[in-house]
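Notes to accompany the following structure.
The values are calculated or read from the model by the stated rules, or taken from the named source; none is laboratory data. In this text, all values refer to a predicted model and were calculated from it rather than measured experimentally. In this analysis, Cβ positions are derived from the backbone assuming ideal geometry, glycine residues included, and neighbour counts consider all displayed protein chains. When the accessible area is computed, the model is the full protein with side chains, heavy atoms only, and any ligands, DNA or RNA have been set aside. Shrake-Rupley method; radii C 1.70, N 1.55, O 1.52, S 1.80 Å.
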Amino acid sequence: MNIHEICEKIKEENDLLEEVSKSIKLKHSGNGYVGLCPFHSEKSPSFRIKDGAKFYKCFGCGASGSIID
C-alpha cells in the first residue's frame with residue numbers, strides 16, 4: 001500500500017466532523033456545521049464543514065483541508 005492509498009483509507013474510515021468537534025465548538029447551520037476558525041482570530045464563525053463532506057473550509061482566512069491536514 002502506498003502513501004496515497006493509506007491517506008485515502010484514513011479519510012474513508014474517520015469522521016472529519018467527529019474529530020473536529022473534539023476541539024472546536026460547531027453549530028448546525030443549513031446543510032453543515034460552522035464554528036470559529038482555529039487558524040485565525042475571529043468573532044463570527046467562518047469555518048465550515050458540510051454534511052457528509054470529507055474536507056473543511058474557512059471562508060475568512062481561506063484555510064481548507066481534510067482529516068489528514
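Quick notes on this one:
- Meets criteria (open to solvent by 40 Å² or more (accessible area, probe 1.4 Å) and β-branched (V, I, T)) for I68: yes
- One residue from G60, G30 being open to solvent by 50 Å² or more (accessible area, probe 1.4 Å) and at positive phi: G30
- Beta carbons closer than 6 Å, at least 6 apart along the sequence or on distinct chains, pair a first residue in the stretch 1-29 that is more than 18 Å from S46 (Cα to Cα) with a second that is in a strand (DSSP E or B) and of a type outside the set (D, E, K, R) for K11/S66.
- Restricting K11, K43 to residues that are of a type outside the set (F, W, Y) and either assigned to a strand (DSSP E or B) or open to solvent by less than 60 Å² (accessible area, probe 1.4 Å) (or both) narrows the list to K11.
Residues checked against (1) in contact with an Asp or Glu (Cβ under 6 Å, 6 or more places away or on another chain); (2) closer than 27 Å to I6 by Cβ; (3) small (G, A, S):
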residue	(1), (2), (3)
S41	no, no, yes
A53	no, yes, yes
Y56	no, yes, no
S66	no, yes, yes
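- Residue selected from the stretch 54-69 under the condition within 8 Å of the chain's Cα centre (by Cα) and assigned to a loop (DSSP other than H, G, I, E, B), by the criterion nearest to I10 (Cα to Cα): I67
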